[in-house]
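Note sheet for the following structure.
Please treat every number below as a calculation from the coordinates, not as lab data. Note that the structure is predicted; figures quoted are calculated from it, not measured. Positions of Cβ are generated from backbone atoms using ideal geometry, with glycine treated the same way; all protein chains shown enter the neighbour counts.
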Amino acid sequence: MGEMLRVGQVLRYTSAKDPTEAVLNGYTNFHYVTDAPGHKKALLESGINGMAKVSVSGRPRRPVILIRSSPWKAGSEQTPWHDVFDMDNGHVRYFGDHKAGLTKPPGTTTGNAALLDAFTEHQAPTPEERAGAAPLLLFRAVSRNGKVKGFVEFCGLGVVERAERIVQWAGHEHTTFTNYVYDIALIDLADENDQVDWDWITARRSPGVSDQEALAKAPRAWREWVKRGHSALPRVRRRVARARVVKVRDQRPAPDSQRDDDLRFIYDQFEGRKHEFEAVASAVAARVLRGSGHSYREGWITRRSGDGGADFVGRIDLG
């Protein structure tokens, strides 16, 4: 097992690109983690960084595409669009590298060409073809110690779900231009403790390592995607379960406030008649849910005991 990239980890990315030290200024050194003797350095100099292809059994294989988003540039005249990173729900929307004023076709810029090539690979109909497809490793620039450059956060492993040709506004030039935007599915890394082993990428860089041999080093969910294709994405997409329960003390109103008086009045009214309060709770829930635009139908009040902790039943219709 080699060095690991962990989702949410902030790494130091310096212009010196020296892989010697594991830690720089208290942060893991990107070039230390990605160092592979005998190979060129992994770089994040551009937004879309396609690693050089190697020939494997007479067929080209791109080891990986490293993607970097710079949120501090978003909304500027140079970069008026905004990439979207929804890591909790396993989705990234990333804009290509075509810019206003370029005369070449949008799909032929270095970054767009690499991602469109990957998109074709990711849509391949057979597991054998998908086994050679380039994985995407995503990063975004973050500021540390007042500096907006020199630090990147690892955001995960992805595949291209969709590539769309769009027209974008060119900011201060007051014109439009054509570009591509990519919807990227982030792959679940729970079995790997939210980490990617760089040895997998190193194996993909080696012409003597077959697609299947390299695949053995890939995360489990990636192997599942290779086996079943995009139909597996609902199962292998990254999802983060977050606790949304608010502690009781944080739900209570401030002591001696009007709301505190109202709450005490309700307690007194239903003292010894708690089952009757369940009907009030059902009515309040219906009012709140309908008030927020949901299609909600009240059901029934459960029995006094044996209800498994449920006081009432209702239904929300979605879609």
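Report, ordered by the first and then the second residue, all pairs with beta carbons closer than 8 Å, sequence separation of six or more or different chains, a first member in region 262-275 that is under 21 Å from Arg303 (Cα atoms), and a second member that is assigned to a helix (DSSP H, G or I) and of a type outside the set (Val, Ile, Thr).
Every condition considered, the pairs that remain are Phe270/Glu276; Phe270/Phe277.
Pick out the one residue from Arg220, Arg237 that is surrounded by fewer than 16 Cβ atoms within 10 Å (Cβ to Cβ) and under 27 Å from Asp86 (Cα atoms).
Arg220
So that you can scan it fast, the table gives a plain yes or no per residue for (1) in contact with a helix residue (DSSP H, G or I) (Cβ under 8 Å, 6 or more places away or on another chain); (2) more than 27 Å from Val236 (Cα to Cα); (3) surrounded by 14 or more Cβ atoms within 10 Å (Cβ to Cβ); (4) not aliphatic (A, V, I, L, M):
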| residue | (1), (2), (3), (4) |
| --- | --- |
| Val167 | no, yes, no, no |
| Thr176 | no, yes, no, yes |
| Leu189 | yes, no, yes, no |
| Asp194 | no, no, yes, yes |
| Asp197 | no, no, yes, yes |
| Ala203 | yes, no, yes, no |
| Val209 | yes, no, yes, no |
| Gln212 | no, no, no, yes |
| Leu215 | yes, no, yes, no |
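For region 99-124: of the residues being under 23 Å from the mean Cα position of the chain (by Cα) and within 16 Å of Ser46 (Cβ to Cβ), which is surrounded by the most Cβ atoms within 10 Å (Cβ to Cβ)?
Once the filter is applied, the top-ranked residue is Leu115.
Just give me the residues in region 114-165 being closer than 27 Å to Ser55 by Cβ, assigned to a loop (DSSP other than H, G, I, E, B) and not hydroxyl-bearing (Ser, Thr, Tyr), in sequence order.
Correct list: Gln123, Ala124, Pro125, Ala131, Gly132, Ala133, Ala134, Pro135.
Could you please give the count of residues in region 1-26 that are over 21 Å from the mean Cα position of the chain (by Cα) and basic (Lys, Arg)?
Of the residues in region 1-26, 1 are over 21 Å from the mean Cα position of the chain (by Cα) and basic (Lys, Arg).
Hey, any hits in region 170-186 for a residue that's outside any loop (DSSP other than H, G, I, E, B), within 24 Å of the chain's Cα centre (by Cα) and without any contact (Cβ under 8 Å) to a residue 60 or more places away in the chain?
No; the residues of region 170-186 include none that is outside any loop (DSSP other than H, G, I, E, B), within 24 Å of the chain's Cα centre (by Cα) and without any contact (Cβ under 8 Å) to a residue 60 or more places away in the chain.
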